[in-house]
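S.K.: The structure under discussion is supplied below as C-alpha coordinates; questions concerning it will follow.
The values are calculated or read from the model by the stated rules, or taken from the named source; none is laboratory data. Remember, it's a predicted structure, so these values are computed and weren't measured experimentally. For neighbour counting, all protein chains shown are included, and Cβ atoms are generated from backbone atoms with ideal geometry for every residue, glycine included. Heads up: the accessible areas ignore ligands, DNA and RNA and are worked out on the full protein's heavy atoms, side chains in. Shrake-Rupley method; radii C 1.70, N 1.55, O 1.52, S 1.80 Å.
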Amino acid sequence: LWDHGPVLDFGSQVVLLGYDECARALRDPRLLSMDAGVQDVLRPGWREHAAWRGLTRIMLFRNSPDHERMRRFFAPLLTAGRVAAMRPIVEQSARADVEHLAALIARSGAAGEPVDLMPELAFRHPMNVLGELLGIPEADRAGFRVPVGALAVAYEPTTELDDLGPADAAMDRMDRYLEALVASRRGAPA
(Lines give C-alpha, C1' and ligand atoms only; values in the text may rest on other atoms or scores of the structure.)
Protein backbone atom coordinates (compact mmCIF):
# COMPACT_ATOMS: atom_id res chain seq x y z
CA LEU A 1 0.00 0.00 0.00
CA TRP A 2 2.83 2.40 0.82
CA ASP A 3 3.97 2.22 -2.82
CA HIS A 4 0.80 4.20 -3.63
CA GLY A 5 1.40 6.93 -1.02
CA PRO A 6 0.05 7.85 2.42
CA VAL A 7 -3.48 8.62 1.13
CA LEU A 8 -5.38 6.08 -0.97
CA ASP A 9 -8.63 7.28 -2.54
CA PHE A 10 -10.97 4.47 -3.59
CA GLY A 11 -13.85 6.78 -4.49
CA SER A 12 -16.34 5.88 -1.77
CA GLN A 13 -13.57 5.14 0.75
CA VAL A 14 -10.28 6.84 1.61
CA VAL A 15 -7.49 4.98 3.42
CA LEU A 16 -4.92 7.01 5.33
CA LEU A 17 -1.59 5.36 6.03
CA GLY A 18 0.63 8.27 7.07
CA TYR A 19 0.86 9.44 10.66
CA ASP A 20 0.58 13.12 9.72
CA GLU A 21 -2.42 12.45 7.50
CA CYS A 22 -4.18 10.46 10.23
CA ALA A 23 -3.41 13.13 12.85
CA ARG A 24 -4.86 15.87 10.61
CA ALA A 25 -7.96 13.80 9.82
CA LEU A 26 -8.63 13.06 13.49
CA ARG A 27 -8.56 16.76 14.29
CA ASP A 28 -10.59 17.93 11.29
CA PRO A 29 -14.10 18.88 12.47
CA ARG A 30 -15.46 18.32 8.94
CA LEU A 31 -14.78 14.59 9.25
CA LEU A 32 -17.34 12.86 11.42
CA SER A 33 -17.40 9.54 13.19
CA MET A 34 -20.14 7.15 12.19
CA ASP A 35 -22.46 8.27 14.99
CA ALA A 36 -26.21 7.74 14.99
CA GLY A 37 -26.92 10.89 12.96
CA VAL A 38 -24.42 9.97 10.26
CA GLN A 39 -25.73 6.39 10.25
CA ASP A 40 -29.27 7.65 9.71
CA VAL A 41 -28.11 9.31 6.48
CA LEU A 42 -25.71 6.63 5.21
CA ARG A 43 -27.32 3.38 6.43
CA PRO A 44 -31.09 3.66 6.76
CA GLY A 45 -32.34 0.71 8.78
CA TRP A 46 -29.25 0.43 10.97
CA ARG A 47 -31.28 0.97 14.16
CA GLU A 48 -32.90 -2.45 13.64
CA HIS A 49 -29.53 -4.09 14.36
CA ALA A 50 -28.25 -4.61 17.90
CA ALA A 51 -24.65 -4.62 16.67
CA TRP A 52 -24.86 -1.10 15.27
CA ARG A 53 -26.96 0.20 18.15
CA GLY A 54 -24.23 -1.09 20.47
CA LEU A 55 -21.37 0.34 18.45
CA THR A 56 -22.94 3.80 18.34
CA ARG A 57 -22.92 3.84 22.15
CA ILE A 58 -19.11 3.81 22.34
CA MET A 59 -16.76 6.80 22.15
CA LEU A 60 -15.23 5.74 18.81
CA PHE A 61 -18.63 6.16 17.14
CA ARG A 62 -19.56 9.48 18.74
CA ASN A 63 -19.18 13.07 17.58
CA SER A 64 -19.23 16.32 19.56
CA PRO A 65 -20.36 16.95 22.21
CA ASP A 66 -20.78 13.29 23.29
CA HIS A 67 -17.26 12.33 22.21
CA GLU A 68 -15.66 15.07 24.30
CA ARG A 69 -17.83 14.22 27.33
CA MET A 70 -16.78 10.56 27.14
CA ARG A 71 -13.16 11.47 26.48
CA ARG A 72 -13.07 13.70 29.60
CA PHE A 73 -14.41 10.78 31.64
CA PHE A 74 -11.71 8.36 30.39
CA ALA A 75 -8.78 10.80 30.19
CA PRO A 76 -7.68 10.39 33.84
CA LEU A 77 -7.50 6.63 33.31
CA LEU A 78 -5.09 7.01 30.39
CA THR A 79 -2.43 9.32 31.82
CA ALA A 80 1.20 8.21 31.54
CA GLY A 81 1.23 7.41 35.26
CA ARG A 82 -1.94 5.30 35.15
CA VAL A 83 -0.73 3.43 32.07
CA ALA A 84 2.65 2.81 33.74
CA ALA A 85 0.81 1.46 36.81
CA MET A 86 -0.84 -1.14 34.54
CA ARG A 87 2.55 -2.52 33.50
CA PRO A 88 2.62 -5.31 36.11
CA ILE A 89 -0.84 -6.49 35.01
CA VAL A 90 0.21 -6.53 31.35
CA GLU A 91 3.52 -8.26 32.10
CA GLN A 92 1.92 -10.89 34.34
CA SER A 93 -0.71 -11.59 31.67
CA ALA A 94 1.94 -11.76 28.93
CA ARG A 95 3.98 -14.31 30.94
CA ALA A 96 0.92 -16.44 31.65
CA ASP A 97 -0.29 -16.25 28.04
CA VAL A 98 3.12 -17.17 26.61
CA GLU A 99 3.36 -20.07 29.10
CA HIS A 100 -0.11 -21.20 27.99
CA LEU A 101 0.98 -21.05 24.34
CA ALA A 102 4.25 -22.90 25.05
CA ALA A 103 2.38 -25.67 26.88
CA LEU A 104 -0.12 -25.93 24.04
CA ILE A 105 2.66 -26.16 21.47
CA ALA A 106 4.44 -28.78 23.55
CA ARG A 107 1.25 -30.82 23.78
CA SER A 108 -0.50 -30.28 20.44
CA GLY A 109 2.32 -29.08 18.23
CA ALA A 110 4.58 -31.95 19.21
CA ALA A 111 1.81 -34.32 18.16
CA GLY A 112 1.68 -32.64 14.75
CA GLU A 113 -1.58 -30.82 15.45
CA PRO A 114 -1.79 -27.19 14.39
CA VAL A 115 -1.82 -24.46 17.04
CA ASP A 116 -3.80 -21.35 16.11
CA LEU A 117 -2.01 -18.24 17.33
CA MET A 118 -5.12 -16.03 17.07
CA PRO A 119 -7.24 -17.55 19.85
CA GLU A 120 -4.29 -18.80 21.90
CA LEU A 121 -2.33 -15.53 22.10
CA ALA A 122 -3.53 -12.67 19.86
CA PHE A 123 -7.03 -12.73 21.39
CA ARG A 124 -6.18 -14.23 24.76
CA HIS A 125 -3.61 -11.63 25.84
CA PRO A 126 -5.64 -8.44 25.27
CA MET A 127 -8.75 -10.16 26.66
CA ASN A 128 -6.87 -11.12 29.83
CA VAL A 129 -5.52 -7.58 30.28
CA LEU A 130 -8.91 -6.00 29.65
CA GLY A 131 -10.55 -8.65 31.81
CA GLU A 132 -8.28 -7.74 34.71
CA LEU A 133 -8.95 -4.04 34.26
CA LEU A 134 -12.72 -4.46 33.93
CA GLY A 135 -13.16 -7.17 36.55
CA ILE A 136 -14.30 -9.89 34.14
CA PRO A 137 -13.76 -13.24 35.85
CA GLU A 138 -10.92 -15.25 34.31
CA ALA A 139 -13.21 -18.23 33.71
CA ASP A 140 -15.51 -16.07 31.53
CA ARG A 141 -12.88 -14.46 29.29
CA ALA A 142 -12.49 -17.23 26.71
CA GLY A 143 -16.24 -17.03 26.11
CA PHE A 144 -15.79 -13.57 24.59
CA ARG A 145 -13.87 -14.89 21.57
CA VAL A 146 -16.91 -15.94 19.50
CA PRO A 147 -19.05 -12.83 20.14
CA VAL A 148 -16.10 -10.46 19.66
CA GLY A 149 -15.29 -12.20 16.37
CA ALA A 150 -18.89 -11.91 15.24
CA LEU A 151 -19.00 -8.23 16.20
CA ALA A 152 -15.81 -7.48 14.26
CA VAL A 153 -17.83 -7.90 11.04
CA ALA A 154 -19.92 -4.86 11.99
CA TYR A 155 -16.77 -2.69 11.91
CA GLU A 156 -16.09 -3.54 8.27
CA PRO A 157 -17.17 -0.68 6.00
CA THR A 158 -18.33 -3.14 3.34
CA THR A 159 -20.65 -5.11 5.63
CA GLU A 160 -24.25 -5.04 4.48
CA LEU A 161 -26.93 -4.68 7.14
CA ASP A 162 -28.48 -7.97 6.01
CA ASP A 163 -25.25 -9.74 7.04
CA LEU A 164 -25.38 -8.59 10.68
CA GLY A 165 -27.44 -11.46 12.13
CA PRO A 166 -24.51 -13.12 13.96
CA ALA A 167 -23.19 -9.71 15.07
CA ASP A 168 -26.61 -8.73 16.40
CA ALA A 169 -26.86 -11.97 18.37
CA ALA A 170 -23.33 -11.40 19.71
CA MET A 171 -24.14 -7.86 20.85
CA ASP A 172 -27.30 -9.09 22.59
CA ARG A 173 -25.28 -11.84 24.31
CA MET A 174 -22.56 -9.43 25.44
CA ASP A 175 -25.13 -6.89 26.65
CA ARG A 176 -26.83 -9.56 28.77
CA TYR A 177 -23.50 -10.72 30.20
CA LEU A 178 -22.24 -7.22 31.02
CA GLU A 179 -25.59 -6.14 32.52
CA ALA A 180 -25.48 -9.18 34.80
CA LEU A 181 -21.85 -8.48 35.72
CA VAL A 182 -22.63 -4.84 36.57
CA ALA A 183 -25.62 -5.93 38.68
CA SER A 184 -23.44 -8.46 40.45
CA ARG A 185 -20.75 -5.83 41.15
CA ARG A 186 -23.34 -3.40 42.47
CA GLY A 187 -24.51 -6.07 44.89
CA ALA A 188 -20.97 -7.12 45.85
CA PRO A 189 -18.37 -4.57 44.77
CA ALA A 190 -14.98 -5.98 43.83
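S.K.: Averaged per residue, what accessible surface does the chain expose to a 1.4 Å probe, in Å²?
M.R.: 69
S.K.: Treat the stretch 57-157 as a sphere of radius equal to its Kirkwood radius over Cα pairs and apply Stokes-Einstein at 25 °C in a medium of 0.890 mPa s; give the translational diffusion coefficient in µm²/s, rounded to a whole number.
M.R.: The diffusion coefficient I find is 153 µm²/s.
S.K.: Ok, one more. So how tilted is helix 87-104 from the main axis of the chain? Cα-based, degrees 0 to 90, rounded to 10.
M.R.: Here the helix axis deviates by roughly 60 degrees.
S.K.: Sorted by accessible area with a 1.4 angstrom probe, largest first, how do His4, His67 fall?
M.R.: From most accessible down to least: His4, His67.
S.K.: If you take every residue apart from Gln39 with its C-beta less than 13 Å away from the C-beta of Gln39, what net charge results, scoring Lys and Arg +1 and Asp and Glu -1?
M.R.: Net of charged neighbours comes to +2.
S.K.: Round to the nearest 10 and report in Å² the accessible area of Ser64, as given by a 1.4 Å probe over the protein chains' heavy atoms.
M.R.: Number for this one is 90 Å².
S.K.: Ordering Asp28, Asp172 by how much accessible area each has at a 1.4 Å probe, largest first, what is the list?
M.R.: Values: Asp28 35, Asp172 65 Å².
Final ranking, largest accessible area leading: Asp172, Asp28.
S.K.: Need one value: the accessible area of Thr79 in square angstrom, 1.4 angstrom probe, rounded to the nearest 10.
M.R.: 60
S.K.: Here's a follow-up. At a Förster distance of 25 Å, what's the computed FRET efficiency of Val7 paired with Leu60, Cβ-Cβ distance as r, to 0.05?
M.R.: In this case the efficiency is close to 0.70.
S.K.: Under the definition of Cα pairs under 8 Å and six or more residues apart, what whole-number percent is the relative contact order of the chain? Walk me through the numbers before you get to the answer.
M.R.: Details: 127 pairs, mean separation 35.0, N = 190.
Worked out over the chain, it gives 18 percent.
S.K.: Follow-up. Ranked highest first by the average count of other Cβ atoms within 10 Å around their residues, in what order do 149-157, 175-183 fall?
M.R.: Those peptides, ordered most packed to least, come out 149-157, 175-183.
S.K.: Go ahead and estimate [θ] at 222 nm for the chain from helices alone: -39,500 (n - 2.57) per DSSP H run with n ≥ 4, summed, over the residue count, rounded to 500.
M.R.: -16500 deg cm²/dmol
S.K.: How much of the calculated P(r) for the chain lies past 23 Å, in percent of all Cα pairs?
M.R.: The calculated P(r) of the chain puts 61 percent of pairs beyond 23 Å.
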